[in-house]
Amino acid sequence: MRSGRKRAVRSGPARAAAAASAFALGCTALVATSGPAGAATGCEVEYTVVNEWSTGFTAGVTVTNLGDALDGWTLEWDFAGDQQVGNGWNGSYSQSGQHVTVEDAGYNGTLGTEASVEIGFNGTYSGSNSVPSSFTLNGVECDGGTTDPTDPPEEPDPDPTDPPEEPEPGERVDNPYVGADVYVNPQWAANAEAEPGGDAVADEPTAVWLDQISAIEGNDSPTTGSMGLVDHLDEAVEQANGEPLVFQVVIYNLPGRDCAALASNGTLGPEEIGKYKNDYIDVIAEIIDRPEYSDLRIVTTIEPDSLPNLVTNVGGRETATENCDEMLENGNYVEGVAYALEALGAVPNVYNYVDAGHHGWIGWEDNFGASVDLFYETAQTGGASPEDVHGFIVNTANYSALVEPYFDVTDNVNGQMVRQSDWVDWNNYADELSFAQALRDEAVSTGFPSDIGMLIDTSRNGWGGDARPTGPGPQTSVNDYVNEGRVDRRIHLGNWCNQSGAGLGERPTAAPESGIDAYVWVKPPGESDGSSEEIPNDEGKGFDRMCDPTYGGNPRNGDSDSGALANAPISGHWFSEQFQELLANAYPPVQ
Ligand code: BGC
């Protein structure tokens, strides 16, 4: 649980403030040359949670007009979570989804320059009650600055000594995906293109997985092929062609990897932390730090599943495994992740995103805060610092829906809360978008920099096709309502291997929602999660029965059927049937 109950925000978080100050700089210069201001606009908002309890809160909002006097005003914002405005004062309130509109109450409609009005309301929420990140007054963003629309548009300045408007190539920016292309892995593209209909998505960017030491050099894996890190980076420089380009790489090789499962066990034993540091991280750090790659924006996904496993699958919990207990005890996950953050974070053009599981794992109250605490502790281990963390990534290689459009965890059916349904099972979140935004807020309030951003892996969480519901389920019971209305068609939220019925999700997109740096395809669609039967191999991959369609489950999936596709090859290898199904069930559909 968050400790501070009272939080205030002035003119949005650092992300908004950074944009605002860049704008204000341009403006100051203009005001100096443009004479008296015309109809100036500008505002500042202070939003304070003055009281908060487990399901409700009271907020006070002070709105200050920094522009010319207003005759009538409308204030608007978007909640990041499921907050609902109840009764409010000194204004008339309405809410549609997460969007809130407050109109003046008549008697307080006139707002002079520098004048303030105080309004407030009682609201309800579940999960996290974060402060909205931005506000508008009469359509103008309240960032504490002022603008004068009678100012002439800014002329390009020919003086080359002026500070540049655009970031220098390779300079670390707030959101690396904005204004940049993303690297298309030619080997994945070739696999996709070879499938019927696959050329429709073959130009989508996917991540490069460095899933064993030999992958740095390039190995002869029949599917991931022989391109090593240098080959990929050289190709990325070509694709960039002098423009900003994001190169996405997955750091995935911890000692005792994948401790709660077998399908993606790696080649390093639980104690091989020295080898991880010297022969893996140091080698990668040296390569990406070479001057020829300094203009690329290198986005890392740091060690999928590792830290979340140390929270949920240890210590006498029903879900615990011996391997996870061992990795908690020997400290090598924490030490390895901290080392990766430090070594890679030291490279100026690297953006580290730490894997944070997904809502169907970390979304429960007991797991949520504990995970963020562990992330924070890890980011302060050894030489790492929270500044080495650019953000977090959720749903890596998983299938959790981005948005459940037809139900909300706070809905009620016949006096029963949706949280009580079998599917939701008391989770605070029903989808990845709400979870990611709440996790970001929790991380910031725990001490991570306020400008961190989130990535969501949408490679395989589309859930389209014929089985996709088109409206809410019936109100006959809370289970009917959720089960017939949910777009995620898995048998159980804990199922993770080659899920039957899944589709490609949102195509990779920059800055799609507040707090989200990008939707990304980190798991390359069409690459298997694990073999459906035991297949001997030299990649350290085990056989996990969660990938066997005849398996009846374990406590981590509520003892349910695995929902996995049959005839699957070992993890990382091309699985044509799965690719075909992902394409057919894509949501949004593939045109
Ligand atoms: C596998 C890796 C593979 C990656 C991407 C992981 O589950 O363990 O070997 O590169 O998926 O397909």
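Under the simplified labelling scheme, the Ala200-Gln380 pair shows an inter-label distance of 5.0 nm, with each label point 7 Å from Cα along Cα→Cβ.
Across the range 490-591, Cα-Cα pairs farther apart than 19 Å form 49% of the total.
Secondary structure note: in the chain, about 65% of the DSSP beta bridges are antiparallel. Per residue, what accessible area does the range 382-461 have, given a 1.4 Å probe and all protein chains present, in Å²? Per residue, the range 382-461 has an accessible area of 28 Å².
Computed over Cα pairs, the Kirkwood radius of the chain leads via Stokes-Einstein (0.890 mPa s, 25 °C) to a diffusion coefficient of 97 µm² per second. Helix 229-240 axis versus longest C-alpha principal axis of the chain: approximately 40°, rounded to the nearest ten. Note on Glu243 and Glu318: with the Förster distance fixed at 45 Å, the Cβ-Cβ geometry gives a FRET efficiency of about 0.30.
With 0.36 nm allotted per residue and the present C-alpha distance subtracted, the Val230-Asn414 stretch has 60.3 nm of extension available. Working from label points 7 Å from Cα in the Cα-to-Cβ sense, the Val178 to Thr55 distance is 3.8 nm. Rounded to whole numbers, the Karplus 3J(HN,Hα) couplings from phi for the range 271-282 are 9, 8, 5, x, 5, 4, 5, 7, 9, 10, 4, 4 Hz, using 6.51 cos²θ - 1.76 cosθ + 1.60 with θ = phi - 60°, and x at Gly and Pro. Taking the range 483-510 and a reference point 7 angstrom along Cα→Cβ of Arg468, the backbone N atoms nearer than 12 Å belong to 487-489, 502-507.
The simple Förster model, with R0 at 51 Å and r as the Cβ-Cβ distance, assigns Asp451 and Asp480 a FRET efficiency of 0.75.
Placing unit charges on the Cβ atoms only, positive for Lys and Arg and negative for Asp and Glu, gives the chain a dipole magnitude near 1680 debye about its Cα centre. Surface composition of the chain: carbon and sulfur make up 49 percent of the accessible area, probe 1.4 Å. Structural descriptor for the chain: relative contact order 12 percent, calculated from alpha carbon pairs under 8 angstrom and at least 6 residues apart. Modelled label positions at Ala105 and Glu193, each set 7 Å beyond Cα in the direction of Cβ, lie 6.5 nm from each other. Applying a DSSP loop filter and a limit of 15 other Cβ atoms within 10 Å to the GluC sites (Glu not before Pro) in the range 264-321 leaves Glu271, Glu318. Using the Cβ-Cβ distance between Asp425 and Asp282 with R0 set to 45 Å, the FRET efficiency from 1/(1 + (r/R0)^6) comes to roughly 0.55.
The values are calculated or read from the model by the stated rules, or taken from the named source; none is laboratory data. Every value quoted in this text rests on a predicted model; they were computed, and no experiment measured them. Note that each Cβ is placed from the backbone with ideal geometry, even for glycine, and that neighbours are counted across all protein chains shown. In case anyone asks, the SASA skips ligands and DNA or RNA and just uses the protein heavy atoms, side chains included. Shrake-Rupley method; radii C 1.70, N 1.55, O 1.52, S 1.80 Å.
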